[in-house]
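Taking it in order: structure first as structure tokens, then the write-up.
The values are calculated or read from the model by the stated rules, or taken from the named source; none is laboratory data. Worth saying up front: this structure is predicted, and the values here are computed from it rather than measured. Here the Cβ positions follow ideal geometry from the backbone for every residue, glycine too, while neighbour counts run over all protein chains shown. Areas reflect the complete protein model, heavy atoms only, side chains present, ligands, DNA and RNA absent. Shrake-Rupley method; radii C 1.70, N 1.55, O 1.52, S 1.80 Å.
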Amino acid sequence: MQAVAHPATILVVEDSPELVALLRRVLREQGFKVRSARDGESGLTSALDNQPDLLILDVGLPRRDGFEVIQELRRKGMSAPTLMLTARAQVSDRVTGLESGADDYLVKPFDADELVARVRALLRRSGTKGRVALLRVGDLVLDPVTRDVHRGDRPIILTHREFALLDYLMRRARTTLTRAEIASQVWRQASADVEGTNIVDVYIAYLRKKLDTEHDEPMLHTVRGIGYVLRPPEDDM
Ligand code: CA
């Protein structure tokens, strides 16, 4: 392990005493300083008072849930990377968490090694440049701030509208979206004009060409009679 001058401080906000004890042990073994809070309200206070380098935040907490806590912290300008712990493996939770300002999420029960790897990756990222919540679906990565898009090592150059479309599809990954839903989200101002035209299909075709050409496994799928879904190839294996 690398020598670190100042060990990073991690605040664990989790109401299960057993899990707090486990996280404390695992993280301390890795050389981190650990603080903990047992409910959303005291987690919020501790985060603001102690300014930890990273937060591990449970979703289901007494008093204030993890989504509310992270939203409030981001509103107050706190940028520390945050890993959400969710008991539910639902996409909607992940999306809500990431939209609330979390950087990553882990579904319970998780492997301690996996947790440590995520923590390290988040700290590495926040140390190199300002905190950026990247969107990731399989090997597809979108940076909402720099607007860089990569699939694996390959950069993907998108127009403004294609970017907006992909951003929406990635935030709703694994969910089948109707043309009407896509149209109202991506062509917001002109949704009335969009209905009845094939503009969604046209842009999906543009995007599909850029995303899936040169790859054996497509990510952008047509769901006949309904619409489209973005799904990483590993889900199909
Ligand atoms: Ca809980």
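Which of the residues belonging to segment 47-61 are assigned to a loop (DSSP other than H, G, I, E, B) and within 16 Å of the ligand (Cβ to nearest atom)?
Once the filter is applied, which keeps residues that are assigned to a loop (DSSP other than H, G, I, E, B) and within 16 Å of the ligand (Cβ to nearest atom), segment 47-61 yields V59, G60, L61.
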Query raised in the report: Which residue pairs have Cβ atoms under 9 Å apart, sit 6 or more places apart or on different chains, and have a first residue in segment 47-67 that is closer than 14 Å to A102 by Cα and of a type outside the set (A, V, I, L, M) and a second that is open to solvent by 60 Å² or more (accessible area, probe 1.4 Å) and near the ligand (Cβ under 10 Å from one of its atoms)?
Result: D58/D15; D58/A87
**Report entry** Qualifying residue in segment 29-45 (condition: β-branched (V, I, T) and either within 13 Å of the ligand (Cβ to nearest atom) or not in a strand (DSSP E or B) (or both))
**Finding:** yes
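I'm checking my understanding of the structure. Among residues of segment 77-88 that are within 15 Å of the ligand (Cβ to nearest atom) and not in a strand (DSSP E or B), which one is nearest to V116 (Cα to Cα)?
So, considering only residues that are within 15 Å of the ligand (Cβ to nearest atom) and not in a strand (DSSP E or B), the one nearest to V116 (Cα to Cα) is A87.
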Report task. Within segment 138-174, work out how many residues are surrounded by 13 or more Cβ atoms within 10 Å (Cβ to Cβ) and either of a type in the set (A, V, I, L, M, F, W, C) or under 20 Å from A102 (Cβ atoms) (or both). Result -> 21
Query raised in the report: Out of R74, R64, which single residue is open to solvent by 30 Å² or more (accessible area, probe 1.4 Å), more than 16 Å from the ligand (Cβ to nearest atom), within 24 Å of the chain's Cα centre (by Cα) and of a type in the set (K, R)?
Result: R74
Query - Qualifying helices (runs of 4 or more DSSP H) (wholly inside segment 152-237; at least 1 residues being modelled with pLDDT of 85 or more, assigned by TED's automatic domain parsing to the domain that holds L142 and in contact with a Phe, Trp or Tyr (Cβ under 7 Å, 6 or more places away or on another chain)) - result: 160-171, 179-186, 199-212
